[in-house]
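Peer 1: Below is one structure. I have some questions about it.
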């Protein structure tokens with residue numbers, strides 16, 4: 001390998017290194033956005049589970065109350 005070939009190889013390696021660095025930065029930004037989205041979705045899922053829990057409790061109370069009223073009307077209670 002002569003000096004000209006070596007210099008061309010070093011130039012190509014330098015360009016590849018620069019491209020890899022640029023791509024890595026873009027991937028890190030994209031990954032950061034994805035991580036934020038996952039965190040928000042996790043928080044929303046927890047809130048939804050809590051809301052569903054309370055809706056089940058409330059609907060259970062309402063249903064049991066309606067059953068008690070209907071039993072009173074029928075004279076069973």
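The values are calculated or read from the model by the stated rules, or taken from the named source; none is laboratory data. These numbers come from a predicted model, not from an experiment. Please note: Cβ atoms are built from the backbone with ideal geometry, for glycine as well, and neighbour counts cover all protein chains shown.
Peer 1: Among the residues of region 53-69, is there at least one that is at positive phi and out of contact with any strand residue (DSSP E or B) (no Cβ under 8 Å at 6 or more places or on another chain)?
Peer 2: no
Table: residues versus (1) at pLDDT 80 or above; (2) surrounded by 10 or more Cβ atoms within 10 Å (Cβ to Cβ); (3) in contact with a helix residue (DSSP H, G or I) (Cβ under 6 Å, 6 or more places away or on another chain).
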| residue | (1), (2), (3) |
| --- | --- |
| 10 | yes, yes, no |
| 16 | yes, yes, no |
| 22 | yes, yes, no |
| 44 | yes, yes, no |
| 51 | yes, yes, no |
| 55 | yes, yes, no |
| 60 | no, yes, no |
| 69 | no, yes, no |
| 74 | no, no, no |
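Peer 1: Still on this structure, I have one more. Under 8 Å by Cβ, and 6 or more places apart or on different chains, what pairs join a residue from region 33-62 that is part of a helix (DSSP H, G or I) with one that is surrounded by 10 or more Cβ atoms within 10 Å (Cβ to Cβ)?
Peer 2: none
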